[in-house]
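Below you'll find the structure, written out as structure tokens, and then a few comments.
The values are calculated or read from the model by the stated rules, or taken from the named source; none is laboratory data. Nothing here was measured: the structure is a model prediction, and the numbers come from that model. Note that each Cβ is placed from the backbone with ideal geometry, even for glycine, and that neighbours are counted across all protein chains shown. These area figures cover heavy atoms from the full protein model, side chains too; ligands, DNA and RNA do not enter into them. Shrake-Rupley method; radii C 1.70, N 1.55, O 1.52, S 1.80 Å.
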Amino acid sequence: MSESTAVGAGPAGGSGMGSGLDSVRRRNLGRIVELVHQGGVQSRSALTRTTGLNRSTVAALVTELASIGIVTESVPVGGQGVGRPSPLVSAGPRAVAFAANPELDAITVAAVRLGGEVLERVRREVDTTPSAAEATAIIAELVAELADRLPDEARGGGGIGLAVPGLVRDADGVVRLAPHLGWVDEPLVERLRAATGRAVFAANDASLGARAERTFGAGRGIDDLVYLNGGASGIGGGIIAGGRPVGGARGYAGEFGHTSATTTGNALEDAVRRSELLRVAGLTAGDDAVLEAALAEGIAADPAGAMREEVVRQARTLGRALAGTVNILDPELVVLGGHLGIVLELASEELHDAVRERALVPPFEDVSIVRAELGQDLLLIGAAELAFDRLIADPAAW
């Protein structure tokens, strides 16, 4: 039921005043949760200033949230000044959601606390590309495993956010197309909801990465940014314009990996591939930390060898593609995650030179190209945002 519907609801013949006041209270509860989520530990006095509510109202809201475990209050230690210090409000024990990222080579699941803190992450490698049904079973198993390791109060109501490397329909979370996984019109949300009994939400992985970096990472305070994510399933992107995510008419926007990136017309994700980096590094599998360490060590040992040659080739190809993005979208910031962040780290000069060669001077002058700050937790933090949206919309229902 939408909030607008709830406001008008009430006993037959009633004025609806009570439910209207309840709607205001729920919005105010959500605002407190949102401020703690995005800004970390907050003093009660800071919450009062930011919300514009009076002190007694904020105190009552915080007390209610603390009683259901969404926030925790504490007394600051070592504070100076006259009078009683303002209590500090932080994420509580029940403010935990689950996040999952299915990929070609592995499925990763995490428990994430309000505020983007990954409490625990588990990665299960797979020998063959998982079907949607197999991915559902693995995610359900890993969520149950993580929940069992959480404190009792954190095990229950947290929903699951899915970061999917493909096109996800906004209306119902159906995966319309995940080409590298071979999924077409898969009702992943519905299946996982049935398997776990939890609320489940899904969106494109790179779009969620853009959101996570803007909220907690390199894009904090930036209203116009582009995020590109590189993973085993290819390259996707997310766009923030004017402070708002750009999803397109049905949520499919941001498929930068399918744009032409070479003179022969190869798509970007076919030319800048994680599998090629693994190959030249002599690896058959491994997460980004393992891959980056192997490449850095190999390049240091042989600066003119095959590893360096492949990284530079990918950097130049990626740079040419990014030039078009800069020209079209005029972002303030471009953030690169996954193996694209590794390419930037190991061949920054070559990548920037390639962008400079093809980008128009005015938009290129003021754009920054940086590596994602949230590392391997990025997509999981973004996926958890889908579940925390529900918490912020109605904390009392969590």
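Worth pointing out:
- Evaluation of LEU322 against the conditions (1) touching a residue at least 24 places away in the same chain (Cβ under 8 Å); (2) aliphatic (A, V, I, L, M); (3) farther than 20 Å from LEU208 by Cβ; (4) surrounded by fewer than 20 Cβ atoms within 10 Å (Cβ to Cβ) shows that the sole unmet condition is (4).
- Among the residues making up the stretch 303-317, those that are in a helix (DSSP H, G or I), over 11 Å from ALA271 (Cα atoms) and open to solvent by 10 Å² or more (accessible area, probe 1.4 Å) are ALA306, MET307, ARG308, GLU309, VAL312.
- Sole exception among (1) touching a residue at least 24 places away in the same chain (Cβ under 8 Å); (2) in a helix (DSSP H, G or I) for VAL370, by number: (2)
- Of ARG121, ARG113, ARG49, ARG94, all but one fail to be of a type in the set (Lys, Arg), free of Cβ contacts under 8 Å to residues at least 12 places away in the same chain and open to solvent by 60 Å² or more (accessible area, probe 1.4 Å); the exception is ARG49.
- Residue satisfying condition, being charged (D, E, K, R), within 27 Å of VAL175 (Cβ to Cβ) and in contact with a strand residue (DSSP E or B) (Cβ under 8 Å, 6 or more places away or on another chain), within set GLU73, GLU120: GLU120
- Condition met for ASP288 (farther than 21 Å from GLU255 by Cβ, of a type outside the set (A, V, I, L, M, F, W, C) and surrounded by fewer than 15 Cβ atoms within 10 Å (Cβ to Cβ)): no
- Any chance ARG313 is of a type in the set (D, E, K, R) and closer than 30 Å to ASP22 by Cα: no
- Meets criteria (without any contact (Cβ under 8 Å) to a residue 40 or more places away in the chain and either aliphatic (A, V, I, L, M) or crowded, with 19+ Cβ neighbours inside 10 Å (or both)) for LEU278: yes
- Some residue of the stretch 162-181 being closer than 30 Å to THR72 by Cβ and either touching a residue at least 60 places away in the same chain (Cβ under 8 Å) or not hydroxyl-bearing (Ser, Thr, Tyr) (or both): yes
- Residues in the stretch 169-201 that are of a type in the set (Val, Ile, Thr) and touching a helix residue (DSSP H, G or I) at 6+ places or on another chain (Cβ under 8 Å): VAL174, VAL175, THR196, VAL200.
- Of the residues ASP389, ASP366, the single one that is open to solvent by 30 Å² or more (accessible area, probe 1.4 Å) and modelled with pLDDT under 95 is ASP366.
- Hits in the stretch 254-272 (condition: open to solvent by 20 Å² or more (accessible area, probe 1.4 Å), touching a residue at least 40 places away in the same chain (Cβ under 8 Å) and part of a loop (DSSP other than H, G, I, E, B)): GLU255, THR259, THR262
- For the stretch 199-221, the criterion of a residue being in contact with a Leu (Cβ under 7 Å, 6 or more places away or on another chain), β-branched (Val, Ile, Thr) and under 21 Å from ASP389 (Cα atoms) is satisfied by at least one position.
- Test: residue in the stretch 332-339 that is open to solvent by 10 Å² or more (accessible area, probe 1.4 Å), in a helix (DSSP H, G or I) and under 19 Å from ILE239 (Cα atoms): no
- ILE342 in contact with an Asp or Glu (Cβ under 7 Å, 6 or more places away or on another chain), open to solvent by less than 50 Å² (accessible area, probe 1.4 Å) and assigned to a helix (DSSP H, G or I): yes
- Note on the stretch 273-302: residues that are in a helix (DSSP H, G or I) and acidic (Asp, Glu) amount to 4.
- ASP394 being surrounded by fewer than 19 Cβ atoms within 10 Å (Cβ to Cβ), charged (D, E, K, R), out of contact with any Cys (no Cβ under 7 Å at 6 or more places or on another chain) and on the phi > 0 side of the Ramachandran plot: no
- Scan of the stretch 221-246 for residues that are part of a loop (DSSP other than H, G, I, E, B) and within 22 Å of ILE328 (Cα to Cα), ordered by number: GLY221, ILE222, ASP223, ASP224, GLY242, GLY243, VAL246
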